[in-house]
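Okay, so here's the structure we're looking at.
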Amino acid sequence: MEIVLASASPRRRALLEMLGVRGFKIIPAETGEEAPDAGPADAVCHIALMKARKVSEECPAGALVIAADTLVYLDGEALGKPKSADEAGAMLRRLSGRDHTVYTGVALVKDGREMTFAESTGVFFRPMSDEEIAAYVKTGEPMDKAGAYGAQGRGAVFIERIDGDFFNVMGLPLCRLVTMLRRFGVDLINTEE
Ligand SMILES: Cc1cn([C@H]2C[C@H](O)[C@@H](COP(=O)(O)OP(=O)(O)OP(=O)(O)O)O2)c(=O)[nH]c1=O
């Protein structure tokens, strides 16, 4: 079966490769990513579905399209990707010394059949000094990431504890994704190889 990852995220690509998915195509979805006025789980599912639908329209029949969207949620507010170094610093100051929740919505679309789910993971940050935040922002790592950090990169040093699927924080909740893929006839556990 042809599998298409509707994402420009190098992390999502690496995670699918890690699962042993071979020869999948990458077609990033060009959507506005306007979050609807909804709770975080509904919002990430909606955006993921918009991405998957858009790419599915361009794909041949039989292709299974996977899309995702990740948001960091704090005090009832969604933190997306920072637009500037200053905004990244401000986000990190808010995250310092407390816990927040990362939501990733995943959408699977094949021949008009659609499935979505959202996974949440609690992330506990240790207190960060202003110097640490400035130095981290300077690395550039925060810039293309929701909440201005990468749990899989240098950002790891600020994370005291994680409650849930770590890969969900990176942008793709692998445990539930594999279960959902089975419903579309893709079995990544019982492979012949
Ligand atoms: C919190 C966190 C987010 N991220 C990333 C995952 C996502 O790539 C990004 C959130 O932006 P998204 O809009 O979810 O995804 P994207 O724009 O990078 O890619 P596409 O829409 O084409 O699929 O933040 C990390 O890599 N590590 C982290 O610890």
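Since every read-out is calculated from the coordinates, none of them should be taken as a lab result. All values derive from a computational prediction rather than experimental measurement. FYI the Cβ positions are ideal-geometry reconstructions off the backbone, even for glycines, and counts take in every protein chain you see.
List of remarks:
- Kirkwood Rh and Cα Rg combined as Rg over Rh, evaluated for region 72-116: 1.19
- Each of 101, 70, 191, 139 has some number of other Cβ atoms within 10 Å of its Cβ, and from fewest to most they run 191, 139, 101, 70.
- Gain in span if fully extended, residue 184 to residue 144, counting 0.36 nm per residue against the direct Cα distance: 11.3 nm
- Phi angles of region 97-107 translate, via the Karplus equation with coefficients 6.51, -1.76, 1.60 and θ = phi - 60°, into HN-Hα couplings of x, 8, 9, 9, 10, 9, 10, 10, x, 10, 10 Hz per residue; Gly and Pro are given as x.
- Residue order, fewest to most beta carbons within 10 Å, for 27, 66: 27, 66
- Rounded tilt (10° steps) of 174-183 against the dominant C-alpha axis of the chain: 20
- Applying a DSSP loop filter and a limit of 12 other Cβ atoms within 10 Å to the trypsin sites (Lys or Arg not before Pro) in region 41-95 leaves 83.
- Choice from 71, 92, 49 showing the highest fluctuation, given a GNM over the chain with Cα pairs closer than 10 Å: 92
- Estimated Rh, the chain: Kirkwood, alpha-carbon pairs, angstrom: 17.1
- Diffusion coefficient of region 52-96 by Stokes-Einstein, Kirkwood radius over Cα pairs, 25 °C, 0.890 mPa s: 185 µm²/s.
- The shape of region 89-160 can be summarised by an equivalent ellipsoid whose semi-axes, obtained from the alpha carbon gyration tensor, come to 30, 14, 9 Å from longest to shortest.
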